[in-house]
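The structure under discussion appears below in the form of structure tokens.
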Amino acid sequence: MSDAAGGGEPQVVELGHSLSGEGPSVVLIHGITEDRRTWDPVIDDLAGTHQVLAVDLRGHGASPMADAYDLGSMAADIQALVERLGLQAPLLVGHSLGGTVATAYAASYLTRAVINVDQPLDLVGFQAQVREVESVLRSDDFAVVIEQLFASMRGPLPEPEVERVGSIRTPRQDVVLGVWSPVLDLSAERLGELVDEVASAVTAPYLSLHGIDPGPGYAEWLAERLPHAQVEVWADHGHYPHLVAPERFLQRLRDVDPATWPPGRSAEPSCSTRRGP
């Protein structure tokens with residue numbers, strides 16, 4: 001993320017991607033330092049009912065590096081690809097960083113629904129944590145900090161999946177610092193304003209799905225900015241609930257997706273919070 005408000009039209013980069021299946025379109029967006037391959041365990045099943053576009057964000061996977069890594073630019077990259085492929089009002093599913101990108105996309109472009117996987121939008125608390133290790137993030141020990149961060153969030157992810165995702169992860173210091181520049185450089189007040197500006201512009205159905213409990217009061221905080229959002233906590237599933245319980249995740253995706261609802265069904269209750277195993 002970066003505070004790019006007023007900075008003109010984003011300079012779009014061409015994203016590495018894969019496209020499979022037929023049906024309503026879904027865009028899968030990975031987390032920081034990873035790439036679209038993290039979604040591999042769910043793509044084949046999902047492609048049985050949907051057209052699935054999995055992307056590599058700028059500076060990740062097969063996508064080129066860029067001068068900026070703000071949310072607006074990353075969302076614009078995806079929109080340019082969506083337009084080129086002729087997709088209509090996709091469902092955006094983003095994990096970690098991808099959750100914030102999906103939110104920014106929905107704030108600016110036509111979106112059927114958003115599923116944000118394990119990325120709280122209240123970044124002010126995250127800011128304090130990142131600033132505690134800022135000097136190390138900017139040092140030669142950067143990769144060590146990133147490795148420790150992910151190790152602390154793995155939860156019950158099976159060891160083969162830990163190894164698979166770990167083999168995909170490619171920490172690039174300039175990319176991470178670019179993505180986290182608002183957290184590192186902005187005041188808490190301005191960071192909060194930036195989050196509010198993005199979140200309050202989202203009108204599509206929104207599921208905030210967490211494997212790590214975002215804490216007491218988060219559902220209320222989110223409801224103030226996204227009154228129609230649902231917050232769902234899968235207790236003790238860690239940072240990768242979609243990989244810990246892929247079948248459950250895919251069923252939840254289809255439940256949330258308006259394109260798969262039977263005739264006459266209405267949206268799920270807004271401002272709801274679900275907690276469960």
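Computed from the coordinates by the stated procedures, all read-outs in this text should not be read as laboratory data. As the structure is a computational prediction, the values presented were derived from the model and not from experiment. Neighbour counts run over all protein chains shown; Cβ positions are idealised from the backbone, glycine included.
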Practice item. Quick one: check the C-alpha center-to-center distance for the stretch 210-267 versus the stretch 34-55, whole angstrom. Key: 18 Å
Review point. How would you rank Ser73, Ser96, going from fewest to most other Cβ atoms within 10 Å of each one's own Cβ?
Key: Ser96, Ser73
Study note, to complete from the structure: Per the rule of 0.36 nm per residue minus the C-alpha distance, extending Thr170 to Gln88 adds in nm 26.4 nm
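Determine, for Asp141, Asp67, Asp257, Asp122, the number of other Cβ atoms within 10 Å of each Cβ, and report the residues in order from fewest to most.
Asp67, Asp141, Asp122, Asp257
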Point to revise | Computed [θ] at 222 nm, deg cm²/dmol, the chain (DSSP H ≥ 4; -39,500 (n - 2.57); rounded to nearest 500) | key: -12000 deg cm²/dmol
Check your understanding: Sorted from largest down, what three extents in whole angstroms do the Cα atoms of the chain have along their principal axes?
Key -> 55, 43, 41
Study note, to complete from the structure: The simple spin-label model distance between Ala80 and Leu19, using points 7 Å out along Cα→Cβ, in nm, is 1.6 nm
**Study point:** Label-reachable residues, the stretch 145-181, where backbone N falls under 14 Å from a point 7 Å from Ser139's Cα toward its Cβ
**Key:** 145-146
